[in-house]
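So the structure is just underneath, and the comments pick up after that.
The values are calculated or read from the model by the stated rules, or taken from the named source; none is laboratory data. This structure is a prediction, so every number in the text was calculated from the model and none was measured. Heads up, the Cβs are rebuilt from the backbone with ideal geometry, glycines too, and the neighbour counts pull from every protein chain shown. Remember, those area values only see protein heavy atoms, side chains included, never the ligands or the DNA or RNA. Shrake-Rupley method; radii C 1.70, N 1.55, O 1.52, S 1.80 Å.
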Amino acid sequence: DMPLLSGVGLRKAFGPTQALDDAGMALHAGEVVAVMGPSGSGKSTLLHCLAGIIQPDEGEVRYAGHVLSALPDRERSALRRTDFGFVFQFGQLVPELTCLENVALPMRLDGQRRRPAEKLAREWLDRLEVGDIADKRPGEVSGGQGQRAAVARALVTEPKVIFADEPTGALDSLNGERVMRLLTAAARETGAAVLLVTHEARVAAYSDREIVVRDGKSRQVDLPAPALSRS
Ligand code: ADP
Ligand code: ADP
């Protein structure tokens, strides 16, 4: 079947650095795919190209029947806002707003009224097991709590694809695993696909499938034969 999101033949240079050198990958609806590889190998650049945040020099990105890489900036931004959610390593919550207001923000920017937006935001904070931080500002909560609020904010609009770039990179392993467990569970419940960039095997273990990027080139990791074939 057709992937929801795919990139083929992607090349991207930053000055003399060839960040992507014929990379590609596909993401099917509802699938969680981990992009692994050493620091500087091109993982974030691949994510940014697939999310339409940066334009590849060569190659094509397709999303749900659109050639994303050929859309005008305005249309690409609009599609990002309606269909994509983002979780980064840190620094994504607005410090002046409460955690509840942060989670309600995408809906408020979309023109929704405060009451229903905050009601839904509260439900999402509860779902991420941080209902108690609703009235606190990001500076008053722990890294793990803040990251769970960031996940709630990414999911509250029920995006089709969640782009998570080292979402646990600033957390200790216990909090990191908690974020991954809650993120992947919520994605599966809403049917969102997840493109997860990580260099940690323990984080990638939450994915259905892994892709490795090395020197700007990507390849599918061969999975062991499924246990089914045994009996
Ligand atoms: P990874 O996510 O695997 O750590 P990146 O995609 O961030 O790798 O970076 C790949 C290469 O491209 C690195 O050499 C990095 O320094 C370079 N690079 C990435 N973004 C930029 C940029 N905006 N300007 C200059 N060089 C960049
Ligand atoms: P526009 O290009 O219309 O200004 P935005 O900047 O609002 O669009 O970006 C839309 C989405 O893309 C937001 O969710 C934002 O977090 C994400 N985004 C934009 N720029 C970057 C970036 N450089 N790195 C990561 N995410 C980005």
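Considered as a group, the residues in the stretch 55-81 that are open to solvent by less than 40 Å² (accessible area, probe 1.4 Å) and part of a loop (DSSP other than H, G, I, E, B) include one that is farthest from ligand 2 (Cβ to nearest atom), and that residue is P56. The stretch 124-231 holds strands (runs of 3 or more DSSP E) entirely within its bounds, and those carrying 1 or more residues that are within 16 Å of ligand 2 (Cβ to nearest atom) and surrounded by 14 or more Cβ atoms within 10 Å (Cβ to Cβ) map to 161-165, 193-197.
Tell me, yes or no, whether the stretch 20-41 has at least one residue that is open to solvent by 30 Å² or more (accessible area, probe 1.4 Å), within 13 Å of ligand 1 (Cβ to nearest atom), farther than 19 Å from H199 by Cα and touching a Lys or Arg at 6+ places or on another chain (Cβ under 8 Å). Yes, the stretch 20-41 contains at least one residue that is open to solvent by 30 Å² or more (accessible area, probe 1.4 Å), within 13 Å of ligand 1 (Cβ to nearest atom), farther than 19 Å from H199 by Cα and touching a Lys or Arg at 6+ places or on another chain (Cβ under 8 Å). Residue pairs whose Cβ atoms lie under 7 Å apart, sitting 6 or more positions apart in sequence or on different chains, and linking a residue in the stretch 85-99 that is within 16 Å of ligand 1 (Cβ to nearest atom) to a partner that is of a type in the set (D, E, K, R), are F88/D165; Q89/D165; Q89/E166. Please find, within the stretch 25-54, the residue that is farthest from ligand 2 (Cβ to nearest atom) out of those that are free of Cβ contacts under 8 Å to residues at least 40 places away in the same chain and assigned to a loop (DSSP other than H, G, I, E, B). Taking the candidates together, the pick is G40. Across the stretch 1-16, the number of residues qualifying as open to solvent by 80 Å² or more (accessible area, probe 1.4 Å) and at pLDDT 95 or above comes to 3.
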